[in-house]
Amino acid sequence: MRLIQLSSSDSRFETLTFKPQLNIIVGQKVFKDDKKQTSNGIGKSLALICIDFMLGKGSTSKEIKKLKEVLKKENIILTLVFKHNNEEYEVSRSHNKIWLYDTLYEKENDYIEFLDSLLDVEYSFRNVFGRFFRTNNESYIEAISQITTKEDGYKNNLINAYLLGLDLEFLEKKKLLKVEDKRLKLLLRELKILQNNVDKEKEYELSEKLKKIELNLSKFTIEKDFHDIKQEADILTNQLQKMRNKIAYYNREIRNKKNIIDVNHQIDIDIDKLKEMYDEVKFFLDKEVLNHIEAVKEFHETLFKNRRERAVKDIDKLEKSIEIIEKESVTLDKRRSEIFKYLENRGALEEYHSLNKEKDNIKEILSDMRSNEKSINKFKKDQADIKLKIDKFKRELIDFEEKMKERIAFLGKSFREISEEFYDDKPGFLNIEILDKFNTEKLYKIEPRIDEDNSSDGIKEMKIFIYDMLIYKLNSTLIGLVGHDNRLFDMVDERQIAKVFEYTNKNLSQYICSISDTKFDEAKLYTSLDLNKFVIKNLNEKKKLFGFDFNE
């Protein structure tokens, strides 16, 4: 891959046109004598962030979130032209849309799939590209943490091992065994809990008690008439309940009948008074009407009288029925009491049921105990199986380590050869160890070293740079470029920076970096290269990348 140009739909944007080999973006101070003024905030770091964004970096980064906010607010579209495998591509992005030439990608994932298709590897484009193009602050803390120090350990180890040409088979095996090792720890905890719950003495006592109960039950004989008598008592209880229900019903009926007697009586009508009224209103009522009222009164008196008489007879009948039932219930209750007394004195059936209940209870407890014992045995087997797998892996790892010695030595030597370009007297070394402990999913401990006082300014940054150069050298056609932010150079000696520019111009297809003018001007004193030729953009307070203060 080679970047060609980064531009914008906004005329204020400072277009970046990239060249092969070395590309330098310089952040200048307009008034160099003003010590308070810096080259921060003008866009030198932002330039690399924009490139990263154009090549699929997501919004989990706070820098990308900020960039998208500005693109939305200012209605800006960025365009990146790049070449890969001799084919040119033009990608445009707004805050929420992506175009490849005129083709709109409705979903960001579709664009990511396109980027993935550019690389002939089983890992994602972003996972690989991030190893060559550092834009996160955290990517400048450790050499192998090119994206962030919080990256998943297995993924980080896998991609770095892949780029270093290390064997991945055992790395993947270790990941699977790490899961097994975690399961083993859980098994051991469960095993301890189960073993604490096993009480052999109690189990023995319960087993003995169960034998005695089963023996007693086998000899137990229930009286022949016991069941029949118990059944009779149950029948009597049922009959008595029915009688109580019937008495309650009859009492309700009696109350209803008494209510009929109370409400069925004729309202007294004074016929003589009606006659007097008749004399006063003869015009309205005649004699026949009065005779009719008299007849109606007699009819209702007869009707109410009959109802009351019938209700009295019904009440008498119901009271007699209650009396009969109560006498019968007294007899039945007496018989039932005799039966209960008889059963209470003998109690054989209850004892039999009690023994059976106790037997079932003990069996249940013993079943739980024995289930725990089975679980313990299963856990022990699982534990042994996992230990065997891990031990077998560790044994194979010894042979594997022997097999990898040559590759590890080659990587150490290759790192040293690059570091010799920068440190003549004390060149560095790439230390790689194979980890057989399961406290980490990592198989390889990858540690760039430079045999100089580690407290020296810039040593950490130079280890990062040299490691990135090694990764590039081993995979020069995979991505084809390397990008570094000015953070890499902040603490590095200017003589080393001069060597960085010389090395990248000579050995890389394309190198893109940003740097402050102070560091850049001092580095120019230590190289025969005309570094000004490689400056693709000078940015300052009056000429910012976006043409305005990005942080406002």
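The values are calculated or read from the model by the stated rules, or taken from the named source; none is laboratory data. Everything numeric here is computed off the predicted structure, so don't read it as measured data. FYI the Cβ positions are ideal-geometry reconstructions off the backbone, even for glycines, and counts take in every protein chain you see.
Which condition does D493 not pass, out of (1) in the same structural domain as L48 (by TED's automatic domain parsing); (2) more than 17 Å from Q21 (Cβ to Cβ); (3) touching a residue at least 60 places away in the same chain (Cβ under 8 Å); (4) not β-branched (V, I, T), if it passes all the others?
(3)
Hey, among K83, K44, K36, K66, which residue is among the basic types (K, R) and modelled with pLDDT of 95 or more?
Numbers: K44 fails: modelled with pLDDT of 95 or more; K36 fails: modelled with pLDDT of 95 or more; K66 fails: modelled with pLDDT of 95 or more.
Being among the basic types (K, R) and modelled with pLDDT of 95 or more holds for just one of K83, K44, K36, K66, which is K83.
With the condition kept exactly as written, say whether any residue in segment 389-406 is aliphatic (A, V, I, L, M) and within 21 Å of R487 (Cβ to Cβ).
Narrowing segment 389-406 to residues aliphatic (A, V, I, L, M): 390, 397-398, 404.
Narrowing the set further to residues that are within 21 Å of R487 (Cβ to Cβ) leaves none.
Among the residues of segment 389-406, not one is aliphatic (A, V, I, L, M) and within 21 Å of R487 (Cβ to Cβ), which makes the answer no.
Within the set of pairs 6 or more residues apart or between chains, which connect a residue that is within 15 Å of E169 (Cα to Cα) inside segment 384-397 to a residue that is surrounded by fewer than 18 Cβ atoms within 10 Å (Cβ to Cβ) and modelled with pLDDT under 90 with Cβ atoms less than 6 Å apart?
Hits for this filter: K394/D436; L397/D436.
Condition check ((1) at pLDDT 80 or above; (2) more than 60 Å from the chain's Cα centre (by Cα); (3) not assigned by TED's automatic domain parsing to the domain that holds L215) across all residues:
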position: I271; (1), (2), (3): no, yes, no
position: N291; (1), (2), (3): no, yes, no
position: E294; (1), (2), (3): no, yes, no
position: H300; (1), (2), (3): no, yes, no
position: R307; (1), (2), (3): no, yes, no
position: I315; (1), (2), (3): yes, yes, no
position: E323; (1), (2), (3): yes, yes, no
position: L355; (1), (2), (3): no, no, yes
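Read through the list (1) of a type outside the set (K, R); (2) surrounded by 15 or more Cβ atoms within 10 Å (Cβ to Cβ); (3) over 24 Å from the mean Cα position of the chain (by Cα), then give the number of the only condition that D120 fails.
With respect to (1) of a type outside the set (K, R); (2) surrounded by 15 or more Cβ atoms within 10 Å (Cβ to Cβ); (3) over 24 Å from the mean Cα position of the chain (by Cα), D120 is out only on (2).
For D521, which of the numbered conditions (1) in a helix (DSSP H, G or I); (2) buried (at least 19 other Cβ atoms within 10 Å of the Cβ) fails to hold?
(2)
Within segment 410-449, track down each residue that is within 18 Å of Q496 (Cβ to Cβ) and in a strand (DSSP E or B).
Filtering segment 410-449 down to residues within 18 Å of Q496 (Cβ to Cβ) leaves 415-429, 448-449.
Within segment 410-449, G428, F429, P448, R449 qualify.
Results for (1) surrounded by 18 or more Cβ atoms within 10 Å (Cβ to Cβ); (2) free of Cβ contacts under 8 Å to residues at least 60 places away in the same chain; (3) in a helix (DSSP H, G or I), shown as yes or no for each residue.
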site: E63; (1), (2), (3): yes, no, yes
site: K68; (1), (2), (3): no, yes, yes
site: K72; (1), (2), (3): no, yes, yes
site: T79; (1), (2), (3): no, no, no
site: F82; (1), (2), (3): yes, no, no
site: Y89; (1), (2), (3): no, yes, no
site: N96; (1), (2), (3): no, yes, no
site: W99; (1), (2), (3): no, yes, no
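Return a yes/no flag: does segment 535-545 have any residue that is free of Cβ contacts under 8 Å to residues at least 60 places away in the same chain and farther than 19 Å from M462 by Cα.
Within segment 535-545, not a single residue is free of Cβ contacts under 8 Å to residues at least 60 places away in the same chain and farther than 19 Å from M462 by Cα.
For Y423, state whether it is under 30 Å from K185 (Cα atoms) and among the aromatic types (F, W, Y). Break it down stepwise before answering.
Details: under 30 Å from K185 (Cα atoms): no; among the aromatic types (F, W, Y): yes.
No: the conditions fail for Y423.
Do we find a residue being modelled with pLDDT of 95 or more and not in a loop (DSSP other than H, G, I, E, B) anywhere in segment 129-145?
Yes.
Going by what's in this entry, would N361 be described as modelled with pLDDT of 80 or more, part of a helix (DSSP H, G or I), closer than 30 Å to L210 by Cβ and not β-branched (V, I, T)? So that I can check it myself, show each step before the final result.
Details: modelled with pLDDT of 80 or more: yes; part of a helix (DSSP H, G or I): yes; closer than 30 Å to L210 by Cβ: yes; not β-branched (V, I, T): yes.
Taking the combined requirement at face value, the residue satisfies it.
If you check E461 against the conditions, is it at pLDDT below 95, more than 28 Å from S8 (Cβ to Cβ), charged (D, E, K, R) and outside any strand (DSSP E or B)?
Working: at pLDDT below 95: yes; more than 28 Å from S8 (Cβ to Cβ): yes; charged (D, E, K, R): yes; outside any strand (DSSP E or B): yes.
So E461 fits the description; yes.
Taking T477 and the conditions (1) touching a residue at least 24 places away in the same chain (Cβ under 8 Å); (2) surrounded by fewer than 19 Cβ atoms within 10 Å (Cβ to Cβ), which numbered condition does it fall short on, given that it satisfies the others?
(1)
Just give me the residues in segment 420-442 being β-branched (V, I, T) and either surrounded by 16 or more Cβ atoms within 10 Å (Cβ to Cβ) or in contact with a Pro (Cβ under 6 Å, 6 or more places away or on another chain) (or both), in sequence order. Lay out the reasoning, then the answer.
Here is the first cut: in segment 420-442, the residues β-branched (V, I, T) are 432, 434, 440.
Across segment 420-442, the qualifying residues are I432, I434.
If you scan segment 109-159, which residues turn out to be touching a Lys or Arg at 6+ places or on another chain (Cβ under 7 Å) and of a type in the set (S, T, Y)?
Y140, Y154
Per-residue answers, yes or no, for (1) touching a residue at least 12 places away in the same chain (Cβ under 8 Å); (2) closer than 18 Å to E522 by Cβ; (3) among the polar types (S, T, N, Q):
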| position | (1), (2), (3) |
| --- | --- |
| E417 | no, no, no |
| E421 | yes, no, no |
| F429 | yes, no, no |
| R449 | yes, no, no |
| K463 | yes, no, no |
| T504 | yes, yes, yes |
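Of all residues being at pLDDT 95 or above and assigned to a loop (DSSP other than H, G, I, E, B) in segment 13-33, which is nearest to F550 (Cα to Cα)? Just the residue, please.
Among those that are at pLDDT 95 or above and assigned to a loop (DSSP other than H, G, I, E, B), it is F13.
Here is a list: S528, S514. Which entry is polar (S, T, N, Q) and either outside any loop (DSSP other than H, G, I, E, B) or under 15 Å from G27 (Cβ atoms) (or both)?
On the way: S528 fails: either outside any loop (DSSP other than H, G, I, E, B) or under 15 Å from G27 (Cβ atoms) (or both).
Of S528, S514, the one residue that is polar (S, T, N, Q) and either outside any loop (DSSP other than H, G, I, E, B) or under 15 Å from G27 (Cβ atoms) (or both) is S514.
For a quick check of your reading of the model, give me the residue pairs whose first member lies in segment 158-175 and is assigned to a helix (DSSP H, G or I), whose second is buried (at least 21 other Cβ atoms within 10 Å of the Cβ) and among the hydroxyl-bearing types (S, T, Y), with beta-carbon atoms closer than 7 Å and at least 6 apart or on different chains.
A161/Y444
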